[in-house]
């Protein structure tokens, strides 16, 4: 069974440029998460989707970050414009989406972003 | 406020030298505690979920235990391939989100 797929794996851009990351979750997983991981830190949640609906985006910097999950399958996270401090690893995770929420999140390999 | 603290930050072991990693947590009701392994340049890989105090789970050389305030990841007779960062995360009751610690970077020397 294929795991969570993310692309690109690496991205180098200049500040003020836009950038987009794509994620395809494990087949059949209804819940999708985007996390930010800075060097030497644990992942921090940016946004969580239940099917097409963003149910928790309280940590998403909405002035420059946006996300969508059309048709409730794959998802795109966008930054516009990028700032130097956005350099980090952007992780996507998915879970089945069981009622009660007691479930495991499976992570993709991440997209490593460097903003120059 | 939900908080997860992992110690030590880094640990160097000789091959075969058993040890334990600690994860202390403060959470308003625990739904689950998760352990992940993360290799350089990769995403976190799921290891264990623990749900209640006294619960234990094992996988190969790893054993995870849970109390009301902390979890331990015991590594028995580690091998160099066990070298990685081990992340602990808690899921508060009533939430789907995970709150991660900063991890323990384990290096096993041949």
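All of the numbers you see were taken from the coordinates with simple rules; none came from a lab. It should be emphasised that the depicted structure is a prediction, and the values quoted were computed from it without experimental measurement. All Cβ positions, even for glycine, are placed from backbone atoms using ideal geometry, and neighbour counts span all protein chains on display.
Can you give the relative contact order of region A:28-107 as a percent, counting alpha carbon pairs under 8 Å and 6+ residues apart?
33
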Given q = 0.09, 0.10, 0.11, 0.18 Å⁻¹, what are the Debye log10 I(q)/I(0) values for the protein assembly as shown, with equal point scatterers placed on the Cα positions and solvent ignored?
-> -0.37, -0.46, -0.55, -1.33
On a C-alpha basis, how far is the centre of region B:62-92 from the centre of region A:26-67 in Å? Whole number, if you could?
-> 25
How do A:13, B:109 rank when sorted from fewest to most other Cβ atoms within 10 Å of their own Cβ?
-> B:109, A:13
Report the residue, chosen from B:59, B:69, B:42, that carries the largest GNM mean-square fluctuation when chain B is represented by alpha-carbon nodes joined by springs under 10 Å.
-> B:42
Considering the alpha-carbon set of chain A alone, what are its Rg and its Dmax in angstrom?
-> 13.5, 43
Return A:57, B:39, A:63 ranked ascending by Cβ neighbour count within 10 Å, so the fewest neighbours appear first.
-> A:63, B:39, A:57
Taking chain A as a Gaussian network, Cα atoms linked when under 10 Å apart, which of A:72, A:28, A:97 shows the biggest mean-square fluctuation?
-> A:28
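Per residue, how much space in cubic angstrom lies within the convex hull of the C-alpha atoms of region B:3-109?
Hull volume normalised by residue count: 85 Å³.
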Within the set B:95, B:77, B:64, GNM on chain B using Cα springs under 10 Å gives the largest fluctuation to B:95
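With an 8 Å Cα cut-off and a minimum separation of 6 or more residues, compute the relative contact order for chain B in percent. Walk me through the numbers before you get to the answer.
Working: 286 pairs, mean separation 41.1, N = 110.
It comes to 37 percent, rounded to a whole number.
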